[in-house]
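Q: One structure coming up, written as structure tokens, with questions to follow.
The values are calculated or read from the model by the stated rules, or taken from the named source; none is laboratory data. Given the structure is predicted, the values throughout are model-derived calculations rather than measurements. Reconstructed Cβ throughout: ideal geometry from the backbone, glycine too, with neighbour counts over all protein chains shown.
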Amino acid sequence: MEVGSICIKTRGKDAGKKIVVLSDIKKGKVLIDGPRVKRKECNALHLFPLNQTVNVKKEAAHEEVVRALKE
């Protein structure tokens, strides 16, 4: 999993929602953000990676993430 990876959240209140990874894994956690998901740290084991990526910078703004997912 790397910055820009698109995943599906598998656990918690955001389960089933599409997100983008915005940081490298540190202590098993990554920073995530998405159109209907609040930016937060998440356990990497709670993500199902898809074979898709978007071109976003590390810790990109919420608007950039939403725009990248629409493309």
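Q: Report, by residue number, each residue of the range 1-40 that is closer than 19 Å to residue 55 by Cα and acidic (Asp, Glu).
A: Once the filter is applied, which keeps residues that are closer than 19 Å to residue 55 by Cα and acidic (Asp, Glu), the range 1-40 yields 2, 24, 33.
Q: Okay, next question. Can you report the number of residues in the range 31-42 which are outside any strand (DSSP E or B) and either modelled with pLDDT of 95 or more or touching a strand residue (DSSP E or B) at 6+ places or on another chain (Cβ under 8 Å) (or both)? Explain how you work it out, then say what you get.
A: Of the residues in the range 31-42, the ones outside any strand (DSSP E or B) are 35-36.
Those still in the list that are either modelled with pLDDT of 95 or more or touching a strand residue (DSSP E or B) at 6+ places or on another chain (Cβ under 8 Å) (or both) too: 35.
Result for the range 31-42: 1.
Q: Separate question: Any residue at all in the range 56-63 that is hydrophobic (A, V, I, L, M, F, W, C), surrounded by 14 or more Cβ atoms within 10 Å (Cβ to Cβ) and not in a loop (DSSP other than H, G, I, E, B)?
A: No, there is no match, as no residue in the range 56-63 is hydrophobic (A, V, I, L, M, F, W, C), surrounded by 14 or more Cβ atoms within 10 Å (Cβ to Cβ) and not in a loop (DSSP other than H, G, I, E, B).
Q: Among the numbered criteria (1) surrounded by fewer than 14 Cβ atoms within 10 Å (Cβ to Cβ); (2) in contact (Cβ under 8 Å) with a residue 60 or more places away in the chain, which single criterion is violated by residue 16?
A: (2)
Q: Let me ask something else about it. What number of residues within the range 1-30 are more than 18 Å from residue 70 (Cβ to Cβ) and in a loop (DSSP other than H, G, I, E, B)?
A: Total meeting the criteria: 15.
Q: Quick one: how many residues across the range 40-55 are surrounded by fewer than 16 Cβ atoms within 10 Å (Cβ to Cβ) and farther than 11 Å from residue 10 by Cα?
A: 7
Q: Given the conditions (1) under 14 Å from residue 68 (Cβ atoms); (2) of a type outside the set (A, V, I, L, M, F, W, C); (3) surrounded by fewer than 16 Cβ atoms within 10 Å (Cβ to Cβ), and given that residue 33 satisfies all but one, which numbered condition is not satisfied?
A: Checking residue 33 against (1) under 14 Å from residue 68 (Cβ atoms); (2) of a type outside the set (A, V, I, L, M, F, W, C); (3) surrounded by fewer than 16 Cβ atoms within 10 Å (Cβ to Cβ), the one that fails is (3).
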